[in-house]
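Before any comments, here is the structure.
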Amino acid sequence: MTSLPHRNDAGQAFPIYITVVAGLLFLAFAYLAVGQAAANRNGAQTAADAAALAAAQETRDQLAGEWAENVGDPTSWDIIFDGAVTGLHDSCWRADQLAAQNEAHVDDCTMDGPLRYSVEVTTDEPVGDSIVPGTEDDYAQASAVAVIEPNCTFDLPETGTEARDVLPRLTCKEQSWDLDLDDLLDLPEPQDLFDVHLAD
């Protein structure tokens, strides 16, 4: 005859069940905290990337404007493509704008040379409450570097030749422009003259 299970067996199993469930809940909350922190870090990096690119693009547009104003003086083109132009406006205001659009603020924006911006940001919102102590006051930080790279090449005419008054052919990547001082309606766009990208 089969014996019936003792009632004590069920009573002993219940604490084990509670312990297992509590452990699973703890792991779930731990994974959630890790996910929150990762999302916050990703948001900070997105803000930093966008801010650095925006500052670099603003400077690129200024350099392109300088080139368009001095298109009739090819001897100045090298200086412009090297970014060695005086009087450019500070472009970090664009970094501030893009960081704010991504719920962060700029801690530092530096033009590291004429064609390079370094930006550091901090998120406006902390990770939030979790089982990990201190996360309620933990703000994610990130940095990014954007580079302005000239795309164009050209050959200046030799000094003393009749060709000195003719603008050189400008080749930007795979496209070329035969510029005519009497017809300057079809000029390269800023993105043709310069590439802007995050540093590797």
Given the structure, is A44 closer than 13 Å to S118 by Cα and assigned to a helix (DSSP H, G or I)?
no
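Rundown of residues vs (1) acidic (D, E); (2) at pLDDT 95 or above; (3) not in a strand (DSSP E or B), yes/no style:
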site	(1), (2), (3)
E136	yes, no, yes
S143	no, yes, no
V147	no, yes, no
D155	yes, no, yes
G160	no, no, yes
Search the stretch 68-82 for residues being of a type in the set (V, I, T) and part of a helix (DSSP H, G or I), and hand back the single one that is surrounded by the most Cβ atoms within 10 Å (Cβ to Cβ).
I80
Going residue by residue through the stretch 55-62, is there one that turns out to be under 20 Å from T122 (Cβ atoms), modelled with pLDDT under 65 and assigned to a helix (DSSP H, G or I)?
no
Among the residues of the stretch 164-186 satisfying the criterion of being loosely packed, with under 12 Cβ neighbours inside 10 Å and not in a loop (DSSP other than H, G, I, E, B), which is modelled with the lowest pLDDT?
D165
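The values are calculated or read from the model by the stated rules, or taken from the named source; none is laboratory data. Because the structure is a prediction, the values reported are computed rather than measured. Ideal geometry is used to build each Cβ from the backbone, glycine not excepted, and the neighbour counts take in all protein chains shown.
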